[in-house]
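Contents: one structure, followed by commentary.
The values are calculated or read from the model by the stated rules, or taken from the named source; none is laboratory data. These numbers were taken from a predicted model, which means no experiment stands behind them. Note that each Cβ is placed from the backbone with ideal geometry, even for glycine, and that neighbours are counted across all protein chains shown.
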Amino acid sequence: MSAKFDVIVIGAGPGGYVAAIRAAQLGMKVGVVEREALGGICLNWGCIPTKALLKSAQVFEYIKHASEYGIDVPKAEVNFAGMIKRSRDVANGMSKGIEFLFKKNKVEKIMGTGKVLPGKKVEVTTTDGTKTVYQAEHIIIATGGRARELPNLKIDNKKIVGYRQAMVLEKQPSSMVVVGSGAIGVEFAYFYNTIGTKVTIVEYMPRIVPAEDEDISKQLTASFKKAGIEIITDATVENVDTSGANCKVKVKTKEGKEFFLECDIVLSAVGIQANIEGIGLEEVGIATDKGKVLVDDYYRTNIPGYYAIGDIVKGQALAHVASAEGIICVEKIAGLNPHPLNYNNIPACTYCSPEIASVGLTEAKAKELGYNIKVGKFPFSASGKASAGGSKEGFIKVIFDAKYGEWLGAHMIGANVTEMIAEVVVARNLETTGHEIIKSVHPHPTMSEAIMEAVAAAYGEVIHI
């Protein structure tokens with residue numbers, strides 16, 4: 001193991017491991033410090049294993065409705081342990097894939113907990129307490145985030161759990177209260193409800209998925225209620241009594257009404273908190289503000305030679321954002337001239353059913369900023385592919401600036417929309433106009449042609465509605 005590197009990365013999540021591989025491609029000697037598993041939370045306890053669980057739920061749902069497709073199937077039963085095992089096997093396989101990429105690119109793996117020291121050094125402590133100090137010209141901090149805890153909703157990993165425990169429960173709960181309705185909350189709500197758990201969502205804001213366009217929230221609310229999920233908005237969880245066999249969840253509405261919900265498990269899904277404690281920031285003098293490390297457009301901190309990327313800096317706490325930041329950071333270190341990341345053109349995806357995907361401004365935000373807008377919507381109920389596939393829920397919504405034709409935003413809810421949003425991201429990056437989308441022939445029958453139809457609707461040229 002080398003003691004001196006060109007670049008040391010602390011954290012092997014989607015920010016850290018991508019930064020490391022790109023740095024190695026650019027000819028640097030790279031070491032990566034990781035305390036748990038390569039791939040970080042995203043690959044091991046977030047993005048990948050949750051999608052595996054969601055796929056199991058989707059397959060179960062297909063089988064339950066097989067008769068609608070002209071197929072008779074004996075009654076399906078949930079093998080909860082089997083679903084969990086598949087999810088873990090998928091995550092473990094992906095982590096081994098990162099190991100292969102490290103070997104291929106000659107990136108050195110350093111297992112242990114990293115801490116930055118003054119003088120461009122990193123101290124690594126192994127599980128047995130052994131400490132080793134490494135030197136590097138450039139140190140990239142990519143320590144990621146963890147589930148945020150509310151003072152009155154302490155995670156005990158038994159009856160009150162975070163996302164991590166929610167994907168490895170020993171047995172399927174008969175009932176669950178999900179606190180928070182961001183991506184994590186609604187994905188787990190969909191999974192558990194689909195396999196037969198009674199699910200109630202409690203959301204502090206007036207609507208679920210509150211960061212999304214209001215029309216998206218309305219559609220998901222309707223879809224979830226139709227599926228049997230109970231939704232309580234404008235409400236807070238005051239406390240949870242776990243002393244009995246079940247959890248007694250005290251809920252208070254905005255109007256001051258209080259009542260109790262009983263359940264087996266409470267899932268706290270109230271956001272992400274950056275991992276910046278105990279990693280040496282204060283000793284080195286690295287500036288932070290409101291729980292985030294302060295960086296410039298190329299992720300340089302206020303101390304030369306130290307950088308930060310991912311969930312611990314400004315911007316959306318998303319895996320693909322961390323990866324993009326890591327690449328920009330190391331390309332700048334290598335003397336290239338990368339463009340700063342455009343945080344206004346970052347796609348956000350939620351993998352419940354129906355799926356949600358969005359980029360750019362919501363309709364309300366566009367109006368608030370003073371734009372005169374053109375809005376187009378195309379329902380999947382009018383899509384031939386959606387009808388053939390039995391996935392008629394949802395729609396595509398697009399927003400354009402009426403004056404200059406700038407594509408301000410797109411909001412999608414429906415089957416496979418997370419695979420379709422990239423078209424909008426690329427088009428916005430190329431400053432494509434609505435008419436260019438309308439005149440770009442989309443294949444038929446596909447779900448993706450709904451994007452073209454929605455744009456045509458914005459400009460009064462839609463054919464199929």
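What the table below lists for this structure:
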{"item": "Cys263 over 30 Å from Asn193 (Cβ atoms), within 27 Å of the chain's Cα centre (by Cα) and among the hydrophobic types (A, V, I, L, M, F, W, C)", "result": "no"}
{"item": "Residue match in region 3-12 (condition: among the aromatic types (Phe, Trp, Tyr) and part of a strand (DSSP E or B))", "result": "yes"}
{"item": "Strands (runs of 3 or more DSSP E) within region 248-356 that include 3 or more residues surrounded by fewer than 21 Cβ atoms within 10 Å (Cβ to Cβ)", "result": "258-263"}
{"item": "Ile160 of a type in the set (A, V, I, L, M), under 18 Å from Tyr17 (Cβ atoms) and crowded, with 16+ Cβ neighbours inside 10 Å", "result": "no"}
{"item": "Given (1) of a type in the set (S, T, N, Q); (2) crowded, with 17+ Cβ neighbours inside 10 Å; (3) touching a residue at least 40 places away in the same chain (Cβ under 8 Å); (4) not in a helix (DSSP H, G or I), number of the condition Thr432 does not satisfy", "result": "(3)"}
{"item": "Qualifying residue in region 56-77 (condition: aromatic (Phe, Trp, Tyr) and within 30 Å of Ile276 (Cα to Cα))", "result": "no"}
{"item": "Qualifying residues in region 441-465 (those that are among the small types (Gly, Ala, Ser) and within 17 Å of Phe400 (Cα to Cα)) - the one surrounded by the fewest Cβ atoms within 10 Å (Cβ to Cβ)", "result": "Gly460"}
{"item": "Cross-chain or 6+ apart pairs with Cβ under 8 Å, region 397-412 first and at positive phi, then aromatic (Phe, Trp, Tyr)", "result": "none"}
{"item": "Answer from Val178, Val186 - the residue that is farther than 15 Å from Lys51 by Cα, in the same structural domain as Ala245 (by TED's automatic domain parsing), surrounded by 18 or more Cβ atoms within 10 Å (Cβ to Cβ) and of a type in the set (A, V, I, L, M, F, W, C)", "result": "Val178"}
{"item": "Elements of type helices (runs of 4 or more DSSP H) contained in region 16-113, each with 3 or more residues being outside the structural domain of Ala334 (by TED's automatic domain parsing), of a type in the set (S, T, N, Q) and loosely packed, with under 15 Cβ neighbours inside 10 Å", "result": "none"}
